[in-house]
Structures are given as structure tokens and as C-alpha cells.
Amino acid sequence: MTISAATVKELRDATGAGMMDCKRALEEKNGNFEEAIKYLREKGMAKAAKRASKVAAEGAVASYIHMGGKIGVLVEVNSETDFVARGDAFQAFVRDICLQICSASPTYISPDEIPAAALAAEKEVYVNQALATGKPEAMCEKIAEGKVKKWYSEVCLLEQPFVKDDKKSIKDLIADLTSKCGEKIVIRRFVRFQLGEGIEKEKVDLAAEVAAELAKVEK
């Protein structure tokens, strides 16, 4: 039977399992959603829980330079063994993560990294925006919480839609790779450089400069 992408995503949202594992579970259980959840808990989810306690200390540090040196990315991705780190699937994943960071410019890896003060400030902005429309305070709080989650998908790498396939998040890619290689995969740290970022450039009024030069000539 044909399993829709929407059903696979719904199962992924309900269980946290990888997209491929969810599709496989639905196929195994002939599209029965509840049975697929039970299957994942007995099979895939138990495996994932076991992997979570492992230490991922191998892996790779990779770099990516874009636009002729205008943007640069450095990222560390960890696996449990060097064998997996040297594999094609892992290396392709690391390249995709470099591309993601270059294109989507995340600030944090996950919501857990966001400082409490920054999170509170962001939520306050959303609450005040909602209050300005005259909505009740309780409703404004819920609206703000929804916008904060959307903000996560903009600033947190793991929550961002994958630039090559926006139906998957980076968290989904990690789950898929974990399922494929049988090891814990962790994006440990990254840095993104953009040429001239943070430098206050002198603003030049070209029209004024031309006028000044013409004035000199006339003299």
C-alpha cells in the first residue's frame, strides 16, 4: 500500500523516530498508525534509546567556503567510531550540514543552547505584539509560544528545515543517519564567517563626491 508523506511526518512528530523508520513501520503495519507507534517503540525507539547513552567522540571537522571566499563554515560532527566517520553516508551528511549552516545561518545548535535572557526577550516581543491587537493576555501567551517555536526553526540548526528538502528538519537527517549507520551522531559545534560581518563600513555619498569634484574643476 502507498503511505503518504503527511502520514509519515505525523508519525515522526508523534514518536521522534527517523523518517525512514516511520515509513517502514507504517508499511509493516499496513498503514495502522497506532500499531506503527507500537512497532517503533518495540524496535526502532528502543534502539535509539540505547544509542543515546553512547559516547560519540570520533567523527570529522569539515570546512566549506562559498561565494569565492565571502562565506566560510567550520563544523565538528561526531560519531561513535572512526569506521562510520569515514563512510560515504557520514561524509555526505557533514557536507550537507556545512551547506545548511552556510545557507540558513543558524545561531545555535538546539533550543537548549539559547540563553534564558535571549529567550525571554524574544517571547516578550511576541507577547507585546499580540497584546497590541487587543487580544486577552492568556491568548497572547499562547500566540507567543507558537511564534517562539517558529523562531526556533529559524535560529536553531537542528530545528531548521533542510535546505535541500524542506519537508525534513536537520533533526530528521540525524535520526535517519543514526538508523542507517547504527551509531549516535552529534553535531557538536560550528562557526560561520561572513566577510565584513560586524564591521561598520563608511557610507559614501557618491553624488556629493561628484558634486565636490565638479566644483573643484569649475574653480
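We did not get these values from a lab; they are worked out from the coordinates using the rules stated. A quick note: this is a predicted structure, and the numbers were derived from the prediction, not measured. Glycine gets a Cβ as well: all are built from the backbone with ideal geometry, and neighbour counts include every protein chain shown.
Relative to the longest principal axis of the Cα atoms of the chain, the long axis of helix 19-28 lies at roughly 30 degrees.
Is region 64-177 best put as rounded, prolate or oblate by its Cα gyration tensor, with a ≥ b ≥ c the root eigenvalues, rounded for a/c under 1.5, and otherwise prolate when a/b is larger than b/c, oblate when not? Note, shape of region 64-177 comes out prolate. Aspartates and glutamates near LYS167 by alpha-carbon distance under 20 Å, same-chain residues fewer than 8 away left out - which ones? Correct list for LYS167: GLU10, ASP13, ASP21, GLU27, ASP96, GLU154, GLU159, ASP176.
For the chain, the share of alpha carbon pairs falling in successive 5 Å distance bins from zero is 1, 6, 11, 12, 13, 14, 12, 9, 7, 4, 3, 2, 2, 1, 1, 1, 0, 0 percent. Checked against a 22 Å cut-off, the cross-linked pairs LYS9/LYS149; LYS149/LYS180; LYS147/LYS168 give Cα-Cα distances beyond that limit for LYS149/LYS180. Just checking the listed ones, TYR108, TYR64, TYR126: in the Gaussian network model of the chain with Cα springs under 10 Å, the one fluctuating most is TYR126. Between 0 and 90 degrees, the angle of helix 170-181 with respect to the longest Cα principal axis of the chain falls at about 40 degrees.
With R₀ fixed at 30 Å, the C-beta to C-beta distance from ASN32 to ASP165 puts the FRET efficiency at about 0.65.
Helix 206-218: angle to the longest alpha-carbon principal axis of the chain, degrees 0 to 90, nearest 10? Tilt of helix 206-218: around 20 degrees.
Placing dummy labels 7 Å off each Cα toward the beta-carbon, the span from ALA60 to GLU200 is 4.2 nm.
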